[in-house]
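What follows is one structure encoded as structure tokens, with my remarks underneath.
The values are calculated or read from the model by the stated rules, or taken from the named source; none is laboratory data. Because the structure is a prediction, the values reported are computed rather than measured. So basically every Cβ, Gly included, is an ideal-geometry build from the backbone, and we count neighbours across all protein chains shown. Heads up: the accessible areas ignore ligands, DNA and RNA and are worked out on the full protein's heavy atoms, side chains in. Shrake-Rupley method; radii C 1.70, N 1.55, O 1.52, S 1.80 Å.
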Amino acid sequence: MEFDHDIAIIGGGLNGPALALALSRAGLRVAVIDALPAQTFEDAEFDGRAYALALTSVRLMEGIGIWPKIAQQAQPMLEIKVTDGRAGTGPSPMFMHFDHAEIEEGPMGHMVEDHHLRRALLDAVKADPAITLLNGTRVTDQTVEPTGITLTLADGETLRARLAVGADGRGSGTAERAGIKRIGWSYDQTALVCVVNHEKPHHGVAHQFFMPPGPLAILPLTGNRSLIVWSERSANAAAINALPNAGYLDVLRPRFGSFLGDISLTGPRYCYPLGLSLAHSMVAPRVALLGDAAHGVHPIAGQGLNAGLRDVAALAEVIADAVRRGEDPGSDAVLARYQEWRRFDNASLALATDSFNRLFSNDNAFIRLARDIGMAAVNALPGLRRGFIREAAGLTGELPRLMQGKPL
């Protein structure tokens with residue numbers, strides 16, 4: 001079987017291009033197939049979306065040559081404050097406070113706006129001669145053969161590779177065609193997402209405020225701006241989202257508080273339903289899944305993209321090491337190593353975010369008291385607090401080389 005590429009990546013969001021750039025540095029020929037036209041991203045301006053990149057995700061971006069292009073637009077997260085409470089009543093006096101000064105490695109992470117990150121990835125992919133970017137087309141069929149996989153595109157053309165990687169989101173067609181089933185459920189919560197300007201500086205502090213309907217995250221962006229990720233019961237969220245901007249802000253202000261002064265909206269508003277989605281397997285013959293195609297979790301800890309990027313770094317390392325040993329990168333043995341590395345961590349993250357959401361998104365007086373005491377206990381114990389800080393920075397577990405700041 002002759003191959004057009006070594007690896008074909010289905011999905012051109014953030015994880016797919018990041019994997020392509022990592023594999024290119026390992027000497028592989030890669031195709032990235034994206035259903036959206038290139039113009040969608042080339043002309044993109046700020047649209048209100050941003051991500052909390054953990055320290056180890058920043059290291060990955062450095063390793064694939066992206067970080068120097070976006071570092072000036074990134075906002076360091078220097079502290080995280082976590083508290084409990086109700087809208088209009090202020091936070092509980094018992095809280096958790098994490099300061100990056102308690103670890104040696106630097107800021108726990110950086111906030112990066114989607115249009116900066118996506119454009120940097122797109123520009124790097126287009127400039128890389130080892131990567132073929134196919135925009136505006138989709139995969140309609142995939143046929144597994146003994147030594148490779150053939151992908152059929154919407155226009156009838158075919159593409160042959162040793163391995164297909166599904167980076168195509170929660171509704172992954174790659175997973176469906178491979179016969180990989182999913183488990184999941186809805187939380188009856190909807191995330192309301194927007195960016196606000198505020199009068200006072202945020203000083204690089206991120207806030208997570210747990211309220212009975214769901215958490216409110218206030219995440220620092222460059223300047224006097226913050227990203228809001230605000231979870232509400234779905235029926236109430238639909239009513240809030242239907243309000244004009246003035247009414248929307250009237251609902252947000254009691255939840256946000258006055259600690260940053262008056263707030264105003266900038267950019268569009270978004271909402272999306274929240275749920276858990278976990279693939280039964282991250283691999284199938286000649287197929288690997290990563291990111292939301294393998295695991296979609298609640299945004300309560302802001303770890304969705306970071307988990308996907310850890311998949312990227314792990315899969316790139318497994319494939320690169322296999323190729324150096326002369327192995328077939330799409331073989332069952334190689335894919336088993338990737339699954340063994342990432343499956344438990346991703347299932348644990350799904351369980352943790354699910355449990356945290358259930359624990360904090362309620363108004364039971366006894367549970368509220370227990371969780372407040374728990375947060376105060378964590379805050380009072382330096383060793384435990386430091387462990388949480390390292391977890392937020394992505395520094396725990398078996399780190400791939402790219403996330404250690406080492407070459408692939």
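For the condition farther than 25 Å from HIS110 by Cα, open to solvent by less than 30 Å² (accessible area, probe 1.4 Å) and aliphatic (A, V, I, L, M), what is the one hit in ALA307, ALA322, ALA314? Please lay out each step first, then the result.
Numbers: ALA307 fails: farther than 25 Å from HIS110 by Cα; ALA314 fails: farther than 25 Å from HIS110 by Cα.
The unique qualifying residue is ALA322.
May I ask you to list the residues in segment 216-242 that are in a loop (DSSP other than H, G, I, E, B) and either over 25 Å from ASP114 (Cα atoms) or touching a residue at least 40 places away in the same chain (Cβ under 8 Å) (or both)? It would help to see each step written out before you state the result.
If we filter segment 216-242 for residues that are in a loop (DSSP other than H, G, I, E, B), which is where we start, we get 222-224, 242.
If the condition is that a residue be in a loop (DSSP other than H, G, I, E, B) and either over 25 Å from ASP114 (Cα atoms) or touching a residue at least 40 places away in the same chain (Cβ under 8 Å) (or both), then THR222 is the only one that fits.
Anything in segment 224-274 that is surrounded by 15 or more Cβ atoms within 10 Å (Cβ to Cβ), of a type in the set (Gly, Ala, Ser), modelled with pLDDT of 95 or more and in contact with a His (Cβ under 9 Å, 6 or more places away or on another chain)? List them, or say none.
SER226
From GLU176, GLU199, which residue is acidic (Asp, Glu), at pLDDT 95 or above and under 30 Å from GLU232 (Cβ atoms)?
On the way: GLU176 fails: under 30 Å from GLU232 (Cβ atoms).
Sole residue among the options that is acidic (Asp, Glu), at pLDDT 95 or above and under 30 Å from GLU232 (Cβ atoms): GLU199.
Which residue pairs have Cβ atoms closer than 8 Å, lie 6 or more positions apart in sequence or on different chains, and pair a first residue in segment 316-341 that is closer than 18 Å to VAL144 by Cβ with a second residue that is among the basic types (Lys, Arg) and open to solvent by less than 50 Å² (accessible area, probe 1.4 Å)?
Correct list of pairs: GLY330/ARG286.
Test of understanding: among ASN362, ASN357, which residue is in a helix (DSSP H, G or I) and either within 30 Å of LEU216 (Cβ to Cβ) or free of Cβ contacts under 8 Å to residues at least 24 places away in the same chain (or both)?
Values: ASN362 fails: in a helix (DSSP H, G or I).
Criteria check complete, one pass: ASN357.
What do you reckon, is ALA167 aliphatic (A, V, I, L, M), open to solvent by 10 Å² or more (accessible area, probe 1.4 Å) and under 19 Å from the mean Cα position of the chain (by Cα)?
Spelling it out, ALA167 is indeed aliphatic (A, V, I, L, M), open to solvent by 10 Å² or more (accessible area, probe 1.4 Å) and under 19 Å from the mean Cα position of the chain (by Cα).
Looking only at segment 292-303, filter to residues that are small (Gly, Ala, Ser) and touching a Ser or Thr at 6+ places or on another chain (Cβ under 9 Å); which one of those is most open to solvent (accessible area, probe 1.4 Å)? Talk me through it step by step, then tell me what you get.
Of the residues in segment 292-303, the ones small (Gly, Ala, Ser) are 293-294, 296, 301-302.
Filter once more, so that each one left must be touching a Ser or Thr at 6+ places or on another chain (Cβ under 9 Å): 293-294, 296, 301.
Values: ALA293: 0, ALA294: 1, GLY296: 0, ALA301: 60 Å².
Ranking the qualifying residues of segment 292-303, first place goes to ALA301.
Every residue in segment 347-392 that is of a type in the set (A, V, I, L, M, F, W, C) and within 16 Å of PRO299 (Cβ to Cβ), please.
In the first step, residues of segment 347-392 are kept if they are of a type in the set (A, V, I, L, M, F, W, C); the result is 347, 349-352, 356, 359-360, 365-367, 369-370, 373, 375-378, 380-381, 384, 388-389, 392.
Result: LEU349, ALA350, LEU351, ALA352, PHE356, LEU359, PHE360, ALA392.
Return the residues of segment 365-387 that are without any contact (Cβ under 8 Å) to a residue 60 or more places away in the chain and under 15 Å from PRO212 (Cα atoms); say none if nothing qualifies. Break it down into steps so the answer makes sense when it comes.
Our first condition is that a residue be without any contact (Cβ under 8 Å) to a residue 60 or more places away in the chain; within segment 365-387, this holds for 365-367, 369-370, 374, 377, 380-381, 383-384, 387.
ALA365, PHE366, ILE367, LEU369, ALA370, listed by residue number.
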